[in-house]
Amino acid sequence: MSKSPDPSTFEVQQQALALARGSLLESADLGDPQLDRAMGALLRPGVDWGELYFSEYSGESWVLEDGIVKTASHDRGRGMSARAVSGEKSGFAYSDDLDPATLLSAARTAGAIARGGGRGRIELRREGASRRLYAAGDPGEGYSDTSRVELLHALDREARAADTRVRQVIASLSIARNLMLVCSSDGRLAADDRPLVRLGVTVLLEQNGEVRHGVAGWGGRLPLADLVAADSAGEYAREAVRQAVVNLDARPAPAGEEIVVLGPGWPGVLLHEAVGHGLEGDFNRKGVSAFAGRIGEAVATDQCTVVDDGSMPGRRGSLEIDDEGTPTGRTVLIENGVLAGYMQDRLNAGLMGVRPTGNGRRESYAHLPMPRMTNTFMMPGPHDPEEIIRSVKKGVYAKNFGGGQVDITSGKFVFSASEAYRIEDGRLGAPLRDATLIGDGPTVLTRVSMVGSDLALDPGVGVCGKDGQTVPVGVGMPTVRVDGITVGGTA
Amino acid sequence: MSPNELSERVADALSYARKRGASQAEASASNNTGLTLRVRMREVETLESHQDHSLGVTVYRGQRRGSASTSDLSSGAVRETVDKALSLARFAAEDEYAGLADADRMATRFPDLDLHHPWDLEAEQAMELALECEAAALDSDPRISNSEGAGVDTGESAFAYGNSHGFLQSGRSSSHSLSCVVLGEQDGQMERDYDFSVARAPEELTPVKEVGESAAERTIRRLGARKIRSTRAPVLFTPRVARSLVGHFCAAVSGRALYNRASFLIDSLDKPVFADRVNLNERPHIPRGLASRAYDGEGVATADRDLVCGGILKGYFLGSYSARKLGMETTGNAGGAHNLFLESTGQSYEELLAEVGEGLVVTEMMGQGANTVTGDYSRGAAGYWVRDGAVEHAVHEITVAGNLKEMFRNIAAIGSDVDRRGGIYTGSILIEDLSIAGA
């Protein structure tokens, strides 16, 4: 990454750093001498490197149900942690008390992981990414509490207007801001001011005593005012209603292997589960992933190129810098079918002798960083999406999914279709009831016979869980034809 | 922070809320400390020390509700949090059902649930335990090829809850656990599995050696797994996964799903929802129980209840809000269920295998795949294929699917092999006929 930022973006980065220093350090009487002392305590003999991490979270959520805004809540938390790394070992201590004595004690506790050799004092160097992926500041600014209430009512109104069978609408809004600062033993001092907003709508529709639901949502790292500027509320409310209506007529899904065409966008959750987790550096360093030691091998057909990119402006999974201060970027995971690289944090990159890729993420100061995905997607291919559907004599078209899960060791993964259709003679047929799809990560992409030209990213509502830590992520994919995956229906 | 200090913060938040114009208020606070040590391949991997606290407050301005929380428990920050909740409450709508649980439902008796058994565990000792646990797994079979490690975790909590009815209670609890995850390899195929133990008191944990050996044994049993052809067959859910079926039932009879009519069990009270051999009870006051509570998240007294008797649904899980919406009384379940016991129909695991005859044993499940609105159920699974009442081979990359409404009615047996490591106590569950998707 470039280290010579242009003046305007450098200024932005300095603003985040100044803000973080003021809010997280100065307000807690933590100046350079205190950081220095803590770093000294952390870097006990035998410690290779370490870091002090500070963050502050504030978030607000609003919920509408029964046509009224029932509750609004505000959450605020801040704290710090110290991590010392010695080879494969990590010592870690955190607290939500921010003061010099607690910091020193956390540093000593974390540093106790290792014994042997010494370290001198370090010079802190201000550093930042050379760009601006999202606006700093309060993402809710410029959008009053009254407007927030009105926004939820608009979702409710639009959903009820879309279909008279709508019985209930649940609309939610969340606005969050996370300010972080990391000070590491190599002298790096970096900060990031991360906005995150999300809107969601769930619709319940009833016909002849049968109830079905539909869900839609959107969001990203941008001001709320920008998120809703495009009058998207109506569009998403109608989308939730449309899904519920489709589900009214759904038939039992088939049971067994089928040719499956995955629609563009959110179905990219396939990539997240099938290959994404298996390509995280920690699992590969330890040799516990089904992909371990397979760089350079073909794991997909040559139409498949899969990347993880944390540097996309405004996306939910994006970060200026990861939680260890490494600028994010684009990491090619699979290139024309060949396994090209893993996603790394500092610890695992160091142990594997490669560069960190900006994927070192943590849920909060109270959690250790790990290699995590950011925005993971497949690059577009040559085929027209219509042509892909037309090519299938008998199969399943899966348009929307709930979540998924993977066993990275066996490589088996699942993802659950929430909107799917039969394909017969190249045409979409009857909608199908919810069914889980199960496959094998290392081989599923070798069955991708057609990749569409219509790459789409998900609307910005994804979260990923790993080892008890949740982080926001994005996924994406063009329309893709998979020649054989097990569909877990009942028919 | 001690329970008394937390009580003071809660009391301060409540009196400040009243002073600032709240007609009702409730607040809760907690402080958690702990130690986690993980080893991997016979070396320490991480040593984590935990310490956190938080306070949350909900205020009412008449029928308008607002809430806020903070991790800073200083007096100034707590008051700011109350002010924030009050200001948000202005923007919430009048909701005729909003408010605290009724004053006459507040708990007045506080049995000693014996939940606090701190473990004075030094890092050195934790390391020895974790190393012994992992070594037991690694050394048990040459096919055990790798490890994701073993861990020891100990934690203590202090908590307090109060509301403007004058209710104010505090207490302490502890929780300790051991876990081990290892990998096995055979003919180029890798599998992993795990085992764990969790308890309120350290002396109740399973010996580390047993946890390690069991993790290894479970992993070895998965080796040689293969996909099977799609079919319909009896399916036996082992206790670790059977618990999730009870969880789906809880979701379907919880207040919010019911008042939104977003449940496949709406209007089912006093009707058969399970096979008539099924009985489910809630026992909130089990000493050292992992989900034991004397009062719920609103201060309402908890009590023993029969939820399902002879297959008939006898109760829901309601807090005061959903109860008012449904025109019913709170069941003391604001915040969830408190120790659920699915009664065994008497058979041992071996007897259940015999009952399966030919069919599937599920030991692990993947994905969400349960739709509470329709009851549609479809989840990824791994386990064993059974023929003539005996395990034939391991199975993976399959799904089991059906509709929960029918699945509950088709429960043929509940084993005596009860798993006690959680808030849901159940043995293996045998369901007569399910759809299995594979090759």
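Readers should treat all values here as calculations from the given coordinates under stated rules, not as data from a laboratory. It should be emphasised that the depicted structure is a prediction, and the values quoted were computed from it without experimental measurement. Positions of Cβ are generated from backbone atoms using ideal geometry, with glycine treated the same way; all protein chains shown enter the neighbour counts.
Before moving on, here are some points about what is shown:
- Net charge of neighbours whose Cβ lies under 12 Å from the Cβ of B:H393, counting Lys and Arg as +1 and Asp and Glu as -1: +4
- Kirkwood hydrodynamic radius (C-alpha pairs) into Stokes-Einstein, region A:255-488, 10 °C and 1.306 mPa s, D in µm²/s: 90
- Förster radius 35 Å - calculated FRET efficiency between B:R277 and B:R20, Cβ distance, rounded to 0.05: 0.05
- Counting all C-alpha pairs of region B:3-105, share separated by more than 17 Å (%): 58
- When the helices of the protein assembly as shown are scored as -39500 (n - 2.57) per DSSP H run of n ≥ 4 and the total is divided over every residue, the value at 222 nm lands at -6500 deg cm²/dmol.
- Full extension of the segment from B:D112 to B:D388, taken as 0.36 nm per residue of separation minus the current Cα-Cα distance, would add 94.5 nm.
- Estimated at 0.36 nm per residue, the fully extended path between A:S449 and A:R427 surpasses their Cα-Cα distance by 6.1 nm.
- Charged-residue dipole, Cβ positions (Lys, Arg, Asp, Glu), the protein assembly as shown about Cα centre, Debye nearest 20: 1220
- Mean Cα-pair separation over length for region B:3-105, i.e. relative contact order, pairs under 8 Å, 6 or more apart, %: 25
- Paramagnetic reach from A:D163 (point 7 Å along Cα→Cβ, amide N under 16 Å) across region A:236-263: A:236-251
- Relative contact order, whole percent, for region A:7-248 stands at 22, derived from Cα pairs under 8 Å and 6 or more residues apart.
- Between 0 and 90°, nearest 10: helix A:100-111 axis offset from chain A longest Cα axis: 80
- Taking 0.36 nm per residue of separation and subtracting the Cα-Cα distance, full extension of the segment from B:E94 to B:Q186 would add 26.7 nm.
- Nitroxide proxy distance, nm - points 7 Å out along Cα→Cβ at A:D186 and A:R390: 5.3
- Evaluated over the Cα positions of the protein assembly as shown, the convex hull gives a direction-averaged projected area, one quarter of its surface, of 35.0 nm².
- Förster radius 30 Å - calculated FRET efficiency between B:E80 and A:R132 (Cβ-Cβ, nearest 0.05): 0.45
- Spin-label pair A:T470-A:D66: with each label point 7 Å from Cα along the Cα-Cβ axis, the two points sit 2.5 nm from one another.
- Sites B:E406 and B:D304 - FRET efficiency at Förster radius 22 Å, r taken between beta-carbons, to 0.05: 0.15
- In this label model, A:V354 and A:L248 are separated by 5.1 nm, measuring between points 7 Å along each Cα→Cβ vector.
- Angstrom value of the Kirkwood radius, inverse mean 1/r, which spans all Cα pairs in region B:231-437: 17.4
- C-alpha long axis of helix A:145-162 to longest principal axis of chain A, angle in °: 20
- Alpha carbon centroid spacing (whole Å) that separates region A:371-438 from region B:108-166: 41
- Within-13-Å neighbourhood charge of A:L204 [Cβ basis; K, R +1; D, E -1]: 0
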